[in-house]
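Report on one structure; see the data block that follows.
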């Protein structure tokens, strides 16, 4: 049995970043950039009018300017303005080379083909200079950047149509247990509704990690082994729910050995989630054996699986956000395991919730965070600082 810290370290060491793929930009939202992007052009690519008005060669000796033409956005027409001349211009249009300002139409009046200044004007106003946002060949984004809708929009404005990103993992969730019944079906005596697979699938989607498919399998060694083999062939990560303990019908460990999965660790000095398993197939596929009790399975997913999936996706080995705040009430534990306790945050203090058993999910649904109490801490007093994983 290893410590929580050792388990996290081993997962970080073993999991590798996936390969890069080049995809159309419009499919890249939410993906992690895999290669640096540089600007292929200046942006704006030319001096651009920031509003509707008039572009003129301003000279303090002039208050009347001859209107010699008009420029709309997208016009290729060019004007060589002379002192005392101006053109009508619209937002986004190219500003003539010799024009040194764009003046708002509210600040002028026109009379007999002339523009007449009526308010104080400032040289250089309302012109977007070439390369004002970014210069050609300048760095735009570095690898590891999550491509937001704004990023996609900016890259489109540079004329970029494809980017290199890290592929999202393919995930298979395998729920084991002959006692399990899918929700929506009658519940026979001695059976329970299966929830872990749906919970884990929801968690994968909630944290925007990827998409996952679910397979259900009974407590049969050969069936579990065949299901694991198929999942290894089709997926990057396999999340097994249940069957990883030491009971007579817990066949997962044996089935993993039959499929040549190397065990990195099995059992962690923690509560809940002691039976946690992590292994790797020689093809580079990763296997997490999560406890069957739902709160233990969810805790293990949040602490261990999330950073593994994020590292694989190029995001770095980053887990849930952690904070430290005072504890509301004293708490004592009587063993040397590390504890993850369901907690809520109220009035800037951490409150330990009722219902900490590893099968209790209602209290989990009411929690804001998991409170971590290290192995060597046995007594905590009110107002002691505690570490929380925000969920």
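We did not get these values from a lab; they are worked out from the coordinates using the rules stated. Owing to the predicted nature of the structure, the values given are computational and were not obtained by experimental measurement. Cβ: placed from backbone, ideal geometry, glycine included. Neighbour counts: every protein chain shown.
Calculated [222 nm] ellipticity per residue, helices only, for the chain: -5000 deg cm²/dmol; basis is -39500 (n - 2.57) per DSSP H run with n ≥ 4, divided by all residues, nearest 500.
Counting only the Cα atoms, region 322-390 fills a convex hull of 79 Å³ per residue. For 86, 57, 263, the sequence from fewest to most other C-beta atoms within 10 Å is 263, 57, 86. Here the Gaussian network model covers the chain, with springs between Cα atoms less than 10 Å apart; of 244, 306, 323, 323 fluctuates the most.
Where does helix 4-14 land angle-wise versus the long Cα axis of the chain, in degrees 0 to 90, nearest 10? The angle comes out near 60 degrees.
Across all directions, the average flat footprint of the convex hull enclosing the Cα atoms of region 260-391 is 8.5 nm².
Between helix 196-206 and the chain, what is the angle of the helix's C-alpha long axis to the longest principal axis, kept within 0 to 90° and rounded to the nearest 10? Approximately 20 degrees, to the nearest ten. Eigen-decomposition of the gyration tensor built on the alpha-carbon atoms of region 160-267 gives equivalent ellipsoid semi-axes of 28, 20, 11 angstrom, largest listed first.
Sorted ascending by nearby beta carbons within 10 Å, beginning with the fewest, 192, 89, 160, 11 become 192, 160, 11, 89.
According to the calculation over all Cα-Cα pairs in the chain, the P(r) per 10 Å bin from zero is 5, 18, 20, 16, 11, 9, 10, 8, 3, 0 %.
Please list 25-32, 106-113 highest first by mean number of surrounding beta-carbon atoms within 10 Å per residue. Please report the intermediate quantities before stating the final value.
Numbers: 25-32: 16.1, 106-113: 11.9.
Packing order, densest peptide first, comes out as 25-32, 106-113.
Using only alpha carbons, region 100-204 has a radius of gyration to Kirkwood radius ratio (Rg to Rh) of 1.44.
Cα convex hull, region 48-128: 74 Å³ per residue, rounded to a whole number. Among 251, 278, 90, the ranking by other beta carbons within 10 Å of each residue's beta carbon, starting with the fewest, stands as 90, 251, 278. Considering region 1-145, its Cα convex hull presents a mean projected area of 14.2 nm².
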